[in-house]
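Undergrad: Please read through the structure below; I'll follow up with questions.
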Amino acid sequence: MKKIFLCLIAFISIQAFSQISIGITGGFIFPLNNYKDSLPKPSNAAKFGAEIVFDIHTHWKLRTGIEYASFAFFNRAMKGFTYEAYYTYNTHYLGIPVGLRYVFNGKKFNPFIDGSVSFMGNIGHNTRVSSINGTPPVASNPTPNAFVLSPALGIGMLFNPADKIYLSFMMNYTMQTGYLYTAMNNKQEFKHLRYNGIGASLSIGYNF
């Protein structure tokens, strides 16, 4: 019975999607946030993972997969000549993106628009302190949100360098519906830090 069920699922998948593509993807997020009150500033985030793209219509594609993302917040603490230190707050997430892509017709390059939501779960965080002189105060290292939604809207270009190979480049505006980290400002108040920015990613894969 189990084999029959699996064969039925495979048959439905083949009938529903005319083409399935599997590839690897990676890129960066360039932050747009500008925090005040001595709060840590976000630095470039890195992400990489695997993607599966289903053709659901002539122009429409469904995109999903799994993606690792690492976010960093940087802060410089100074207090006269007593101490000077650099703090780096890192938080790591594993996400499952679900996106819908519309691909326009082109001769060699096919432009597209892409909208997605990534369901991100926290898998770790840490704080690094680099002291220049003196002994800085101990940095607080609170736990980030366990779960964050990250919607994104972007544009890109799809290219087929070979018959079964695809290559795509995409830039998008990405944000988080919840905070990625919590840090103290100069008033010793906890503030939530988010990470909205411009993302750039490159993907390469195989068309089955």
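Undergrad: Can you pull out the residues in the stretch 93-117 that are assigned to a strand (DSSP E or B) and either modelled with pLDDT under 95 or crowded, with 17+ Cβ neighbours inside 10 Å (or both)? Steps first, please.
TA: Of the stretch 93-117, the ones assigned to a strand (DSSP E or B) are 93-103, 109-117.
Within the stretch 93-117, TYR93, GLY95, PRO97, GLY99, ARG101, VAL103, PHE109, ASN110, PHE112, ASP114, SER116 meet the criteria.
Undergrad: Okay, moving on. For the stretch 1-44, which residues satisfy the criterion of being among the polar types (S, T, N, Q) and either at pLDDT 95 or above or surrounded by 11 or more Cβ atoms within 10 Å (Cβ to Cβ) (or both)?
TA: Step one: filter the stretch 1-44 for residues among the polar types (S, T, N, Q), giving 13, 15, 18-19, 21, 25, 33-34, 38, 43-44.
Answer for the stretch 1-44, where residues must be among the polar types (S, T, N, Q) and either at pLDDT 95 or above or surrounded by 11 or more Cβ atoms within 10 Å (Cβ to Cβ) (or both): SER13, SER18, GLN19, SER21, THR25, ASN33, SER38, SER43, ASN44.
Undergrad: Sticking with this one: Any residue at all in the stretch 56-66 that's free of Cβ contacts under 8 Å to residues at least 40 places away in the same chain and outside any strand (DSSP E or B)?
TA: Yes: one or more hits.
Undergrad: Also, quick follow-up: Among the residues of the stretch 45-52, is any crowded, with 17+ Cβ neighbours inside 10 Å, at pLDDT 90 or above, β-branched (Val, Ile, Thr) and assigned to a strand (DSSP E or B)?
TA: Taking every residue of the stretch 45-52 in turn, none turns out to be crowded, with 17+ Cβ neighbours inside 10 Å, at pLDDT 90 or above, β-branched (Val, Ile, Thr) and assigned to a strand (DSSP E or B).
The values are calculated or read from the model by the stated rules, or taken from the named source; none is laboratory data. This is a predicted model, so every value here is computed, not measured. Positions of Cβ are backbone-derived with ideal geometry, glycine not excepted, and every protein chain shown enters the neighbour counts.
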